[in-house]
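**Student:** Attaching a single structure in structure tokens format; questions to follow.
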Amino acid sequence: MGRFDGRIAVITGAARGIGFGTATRFAEEGASVAIVDLDETAAADAAGRLPLTEGAKAVGIGADVSDAASVDAAVARVVEELGGIHILVNNAGITRDNLLFKMTEDDWDLVMGVHLKGAFLMTKAAQKHFVEQKYGKILNLSSVSALGNRGQANYSAAKMGIQGFTRTLGIELGPFGINANAIAPGFIATEMTDATAARLKMDVEEFRRLNAEANPVRRVGYPEDIAAAAAFLCSDEASYITGQTLYVDGGAKLG
């Protein structure tokens, strides 16, 4: 028996990185999975690579999480093709890093639109089903950058906003059998952080080494590390936990 046998999970921004790692873990534990991504071709390809258990299904859906009509259509398609929805992971995200005096309104609006508005719209669409069935698990992706990070005024504000959003969801939705929590990852080795290394004109391995040295466990994180925490927080074992943000960062923010 898998932890998520019979459950249907929707994960945004899951064609790669943390999202795909989480989708993989959920599939391994029995869930049917909907991968929602801006690029439907990439979403469908990722869905086809999931290690599904017997009887489980996967689908890749293209959607812009910052657009209400696109979100509503995506959630309706999940319910139609997979038969319902039990778990929502709001993972979709982008970066538009720059120092404040160089940051444009578009840089700000794009990041807020995907991270905050996207989480709001996806959650609003999913909670209708969660409330009706008196069951649901919501997991939002924050970041250690929520605590402040040079060159990321937009991203930091969005990721701290996710934490406030999560706490409020815990208060509002708890009476309806819905748990809402967040994970704040530290440095995770993904294509996104590799792109940051390239932007800084640094070798990827050197960039990872320096980040590994900056936390007590002396290694970088991987999508599997976030997926493991996500699997617990979205399980019935965590049914007495809501409104919380778990920092999964190798202890980087302890000091």
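The values are calculated or read from the model by the stated rules, or taken from the named source; none is laboratory data. Source: prediction; values computed, not measured. Please note: Cβ atoms are built from the backbone with ideal geometry, for glycine as well, and neighbour counts cover all protein chains shown. Note: accessible area is taken over every heavy atom of the protein model, side chains too, but ligands, DNA and RNA are not part of it. Shrake-Rupley method; radii C 1.70, N 1.55, O 1.52, S 1.80 Å.
**Student:** Taking square-rooted eigenvalues a ≥ b ≥ c of the alpha carbon gyration tensor, is the range 1-137 rounded, prolate or oblate, where a/c under 1.5 means rounded and, failing that, a/b exceeding b/c means prolate?
**Tutor:** Verdict is prolate for the range 1-137.
**Student:** Skipping prolines and chain starts, which residues have an amide H placed within reach, meaning under 5 Å, of the one on residue 38, given they are 5 or more residues away or on another chain?
**Tutor:** Those lying under 5 Å, H to H, from residue 38 are 13, 63.
**Student:** How much accessible surface does residue 132 have with a 1.4 Å probe, in Å² rounded to 10?
**Tutor:** Ignoring ligands and nucleic acids, residue 132 comes out at about 150 Å².
**Student:** Hey, which aspartates and glutamates would be in cross-link range of residue 201, C-alpha to C-alpha under 16 Å, not counting anything within fewer than 8 residues on its own chain?
**Tutor:** The qualifying aspartates and glutamates are 97, 191.
**Student:** In addition: Among 241, 87, 162, whose mean-square fluctuation peaks in a Gaussian network model of the chain (Cα, cutoff 10 Å)?
**Tutor:** 241
**Student:** Please give the net charge around residue 236, taking every other residue with its beta carbon less than 14 angstrom from that of residue 236, where Lys and Arg add +1 and Asp and Glu add -1. Could the numbers behind the result be given before it?
**Tutor:** Values: positive: 3, 7, 134, 137; negative: 5, 29, 237.
Summing Lys and Arg as +1 and Asp and Glu as -1 gives +1.
**Student:** Here's something else I'd like to know. Scattering from the C-alpha atoms of the range 1-46 alone, worked out with Debye: what is log10 I(q)/I(0) at q = 0.17, 0.20 1/Å?
**Tutor:** Normalising to I(0) and taking log10 leaves -0.41, -0.55.
**Student:** How much of residue 237 can a 1.4 Å solvent probe reach, expressed as accessible area in Å² and rounded to 10?
**Tutor:** Approximately 120 Å² for this residue.
**Student:** Under 5 Å between amide H atoms, partner at least 5 residues away or on a different chain: which partners does residue 189 have, H built in plane at 1.01 Å?
**Tutor:** When sequence neighbours closer than 5 places are left aside, the close amide H contacts are 221, 222.
**Student:** Filter the trypsin sites (Lys or Arg not before Pro) in the range 65-111 down to the DSSP loop ones having no more than 11 other Cβ atoms within 10 Å, then list what survives. Kindly include the intermediate steps, with their values, before the conclusion.
**Tutor:** Values: sites: 77, 96, 102; in loops: 96, 102.
Here the trypsin sites (Lys or Arg not before Pro) that fit, given the DSSP loop and packing criteria, are 102.
**Student:** Something else: Could I have the simple spin-label model distance between residue 176 and residue 198, label points 7 Å from Cα toward Cβ, reported in nm to one decimal?
**Tutor:** For the pair residue 176/residue 198, the computed spacing is 4.2 nm.
**Student:** If each Cα of the range 37-83 is one equal point scatterer, what is log10 of I(q)/I(0) from the Debye formula at q = 0.19, 0.23 Å⁻¹?
**Tutor:** Here log10 of I(q) over I(0) equals -0.62, -0.84.
**Student:** Quick one: divide the alpha-carbon radius of gyration of the chain by 2.2 N^0.38 Å and tell me what you get. Write out the running numbers ahead of the final one.
**Tutor:** Values: Rg = 17.3 Å, N = 255, 2.2 N^0.38 = 18.1 Å.
That works out to 0.96 for the chain.
**Student:** With the convex hull built on the Cα atoms of the range 145-188, state its orientation-averaged projected area in nm².
**Tutor:** Values: hull surface 13.7 nm².
Average of the hull's projected areas for the range 145-188 equals 3.4 nm².
**Student:** Taking H as built 1.01 Å from N, whose amide H comes closer than 5 Å to the amide H of residue 184, not counting residues under 5 places away?
**Tutor:** Long-range HN contacts for residue 184: 142, 246, 247, 248.
**Student:** Right, next: So which lysines can residue 253 reach, going by Cα to Cα under 22 Å and dropping same-chain residues fewer than 8 places off?
**Tutor:** Within the straight-line limit of under 22 Å, residue 253 reaches these lysines: 159.
**Student:** Mean residue ellipticity at 222 nm from the helices of the chain, using -39,500 (n - 2.57) per DSSP H segment of n ≥ 4 over the full residue count, to the nearest 500 deg cm²/dmol?
**Tutor:** The helix contribution divided over the chain gives -13500 deg cm²/dmol.
**Student:** May I pose another question? Counting heavy atoms of the protein chains only and a 1.4 Å probe, report the per residue accessible area for the chain as a whole number of Å². Spell out each step's value before the answer.
**Tutor:** On the way: 11950 Å² over 255 residues.
With all protein chains present, the chain gives 47 Å² per residue.
**Student:** Oh, and also: Over the Cα atoms of the range 1-79, how large are the radius of gyration and the largest Cα-Cα distance (Dmax), in Å?
**Tutor:** 11.6, 37
**Student:** With all protein chains present, how much of the accessible area of the chain (probe radius 1.4 Å) comes from carbon and sulfur, to the nearest whole percent? Display every interim value, and only then the final one.
**Tutor:** Numbers: 6440 of 11950 Å².
Heavy-atom surface of the chain belonging to carbon and sulfur, 1.4 Å probe: 54 percent.
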